[in-house]
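FYI, it's all coordinate maths here, none of it is from the lab. No experiment lies behind these values; they were computed from the predicted model shown. Here the Cβ positions follow ideal geometry from the backbone for every residue, glycine too, while neighbour counts run over all protein chains shown.
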Amino acid sequence: MKTWASWVPDLLPRLPQCPVAIVERELLRAAQVFFERSRAWTVDVEAIPVEAGNVDLSILPEDFECDLVRINDLWFDATRLSITTSAQLARHSSDDWRLRSGRPNAYLQNIPGIVRLYPIPVDAGEVSVNLSVKPSDSASGIPDELYVAFREQIRLGAMARLMLYEDKPWSKPDAGVKAEAEFNAAIDKALTKAERSFGGARITSPIVWC
């Protein structure tokens, strides 16, 4: 794990009198923006137990230091489920779809991180998911492999945010605007790569549900 302090030596020389605590906070914010928009950080959450008759299921471990960006894939007993919505199910059902039971073939997400399997499972099983995530507000840093891959992009994002502060010794509006444009371009590039699964080498952090 690389903490936010890992970037500080690269940033402070260009940010006179900027407190380290502010630098680290803006590094967190830049990382959140980068990974939310690029979807470049994916994790696998495996073996979430599902009881028969279970309605709502939390897919994020309680001690997880990440926030959900999106669900990329979800499987029930190794069968990939399609995503749906309440409106779609209601539109195509003559009765109350919420009461239907059977083997799940779809899922919906009305609350981030909470999914409902459809139809309600009649047998116990296991759910596994692949997620795009971003650091949570309490995150102390990011995994080493992500630091290696996206160190410069996150540095640019934090530098832009800091230089765009108003009336501070480290304020540099023109340089901040330039860094922000470079940061946005880096996000677009990372998103394109993420959509192509990084050429078959997607960065994925394995997580086992205990």
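How much mean residue ellipticity at 222 nm does the chain get from its helices, if each DSSP H run of length 4 or more adds -39500 (n - 2.57) and you divide by all residues, to the nearest 500 deg cm²/dmol?
Estimated from H runs of four or more residues: -11500 deg cm²/dmol.
To test your reading of the geometry: what angle, between 0 and 90 degrees and rounded to tens, separates the Cα axis of helix 20-38 from the longest principal axis of the chain?
Here the helix axis deviates by roughly 40 degrees.
Rank Asn184, Ile83, Met1 by how far each Cα sits towards the positive end of the charge dipole of the chain (+1 on Lys, Arg Cβ; -1 on Asp, Glu Cβ) and give me just the farthest.
Going by the charge dipole, the pick is Asn184.
Using 7 Å Cα-to-Cβ label points, what is the Arg70/Asp56 separation (nm, one decimal)?
Distance between the two pseudo-spin positions: 2.4 nm.
With contacts defined as alpha carbon pairs under 8 Å and 6 or more residues apart, what's the relative contact order of the chain in percent?
Once normalised by length, the contact order is 34 percent.
Mind giving me the nanometre distance, one decimal, between the label points for Ser86 and Val148, set 7 Å out from Cα along Cα→Cβ?
4.5 nm
Say R0 is 25 Å: what FRET efficiency, to the nearest 0.05, do Glu126 and Leu99 get from their beta-carbon distance? Before the final figure, lay out the partial values.
Numbers: r = 24 Å, r/R0 = 0.95.
Approximately 0.60, to the nearest 0.05.
Between segment 99-133 and segment 36-97, what is the separation of their alpha carbon centroids in Å?
Comparing the Cα centres of segment 99-133 and segment 36-97, I get a distance of 5 Å.
Report, in debye and to the nearest 20, how large the dipole of the chain comes out about its Cα centre when Lys and Arg carry +1 and Asp and Glu carry -1 on their Cβ.
I would put it at about 680 debye.
Out of all DSSP beta bridges in the chain, what portion is antiparallel? Express it as a percent rounded to 5. Walk me through the intermediate numbers first.
Working: 27 of 36 bridges.
If we restrict to bridges inside the chain, about 75 percent are antiparallel.
Under a GNM of the chain (C-alpha, springs under 10 Å), which listed residue has the highest mean-square fluctuation: Pro119, Pro19, Pro49?
Highest fluctuation of the listed residues: Pro19.
Within the chain, how many lysine pairs that are 8 or more places apart, or on different chains, have C-alpha atoms less than 26 Å apart?
10
Label-point separation (nm) for Arg196 and Leu12, each offset 7 Å from Cα along Cα-to-Cβ?
So the two model labels end up 3.9 nm from each other.
Sort 133-141, 50-58, 28-36 by the packing proxy (mean of other Cβ within 10 Å over each peptide's residues), most packed first.
Working: 133-141: 16.8, 50-58: 13.0, 28-36: 22.0.
Descending mean neighbour count gives 28-36, 133-141, 50-58.
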